[in-house]
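Written out below as structure tokens is the structure these notes cover.
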Amino acid sequence: MQPHSIVYICFMGEYSLGDALKGFINKSRLRNGIRAVQIEEVWEQLMGKTIAKYTEKIEIINQTLFIRTNVGPLKNELQFQKAQIIQRVNEAFGEKVISQVVIQ
């Protein structure tokens, strides 16, 4: 244990503050809201500046990623990239966050 680390002891054992927060978030309804904010923050890194620029709204609801754009050619491009989008998003989060993509 590091000299200045905070350790929380509960019935199941010892947890760092970070682990305790992750556990809380994973079990709470806040998880989807936090994921929605996180996806907005990494969207440009995952998909590139052009796609991010023309994406009007992006949100995750029940393991479905909703992408809204008014640009017809971009909608078509995103339709063809659904599998890659799922893979990139899940890799970025380090877990299976989405299983479907809906382009609107």
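The values are calculated or read from the model by the stated rules, or taken from the named source; none is laboratory data. Here the structure is a predicted model, which is why all the values come from computation and not from measurement. Here the Cβ is made from the backbone with ideal geometry for all residues, glycine too, and neighbour counts use every protein chain on show.
Okay, residues lined up against (1) outside any strand (DSSP E or B); (2) over 18 Å from the mean Cα position of the chain (by Cα); (3) hydrophobic (A, V, I, L, M, F, W, C); (4) modelled with pLDDT of 90 or more:
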residue	(1), (2), (3), (4)
PRO3	yes, yes, no, no
TYR8	no, yes, no, no
LEU74	yes, yes, yes, yes
LEU78	yes, no, yes, yes
>> Kindly evaluate ALA92 against the criterion of being at pLDDT 85 or above and in contact with a Leu (Cβ under 7 Å, 6 or more places away or on another chain).
In response: yes
> Would it be correct to say that GLU40 is at pLDDT 60 or above, closer than 16 Å to VAL89 by Cα, out of contact with any strand residue (DSSP E or B) (no Cβ under 8 Å at 6 or more places or on another chain) and surrounded by 14 or more Cβ atoms within 10 Å (Cβ to Cβ)?
Replying inline: no
> Which residues, taken from region 57-91, are among the hydrophobic types (A, V, I, L, M, F, W, C) and either surrounded by 15 or more Cβ atoms within 10 Å (Cβ to Cβ) or touching a Pro at 6+ places or on another chain (Cβ under 7 Å) (or both)?
Replying inline: ILE58, ILE60, LEU65, PHE66, ILE67, VAL71, LEU74, LEU78, ILE85, ILE86, VAL89
>> Consider region 43-56. How many of its residues are among the polar types (S, T, N, Q) and exposed (fewer than 12 other Cβ atoms within 10 Å of the Cβ)?
In response: 1
